[in-house]
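Below you'll find the structure, written out as C-alpha cells, and then a few comments.
Readers should treat all values here as calculations from the given coordinates under stated rules, not as data from a laboratory. Since we're looking at a predicted model, the values are computed, not measured. Neighbour counts are summed over all protein chains in view; Cβ atoms, including those assigned to glycine, are modelled from backbone coordinates with ideal geometry.
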Amino acid sequence: MEAFEKLRSLVAEAEMDVAKGMGGNKAARVRARKKMQEIKAAAQDVRQVLLAAEGVKGADGQDQGEQGDEDAPAR
C-alpha cells in the first residue's frame, strides 16, 4: 500500500530530529514538529484508503445510508 509506505518513510525521516530535539536542539524540535504534521496527514491518508477498501461500510460499521442521528424519528 503506497500510502502506508509514505507514512513509514516520514516516521523514519523524523527519527533523528526527534532524538536531537529531545537532547535540546531547538532547530531539530521545530523540524520534528513540522514532520509530525506531515505524519498526521499521511496517517489520515492511510485511514481513508482503509475505509475505501471497506466498501460501502462506514467507520462505525453502518452502511452509508444508515448514518445519521439515532434519535431522529424514522421516516
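Quick notes on this structure:
- The distance linking segment 36-56 with segment 1-18 is 14 Å (Cα centroid to Cα centroid, whole angstrom).
- In terms of its alpha-carbon gyration tensor, segment 2-55 comes out prolate; a/c meets the 1.5 threshold, and the first ratio a/b outweighs b/c.
- Length added when fully stretched, A53-K40, from 0.36 nm per residue minus Cα-Cα: 2.7 nm
- For segment 2-55, with +1 on Lys and Arg beta carbons and -1 on Asp and Glu, the positive-most of A28, A42, V11 along the dipole: A28
- Its Cα centre serving as origin, segment 2-55 has a Cβ charge dipole (Lys and Arg +1, Asp and Glu -1) of approximately 460 debye.
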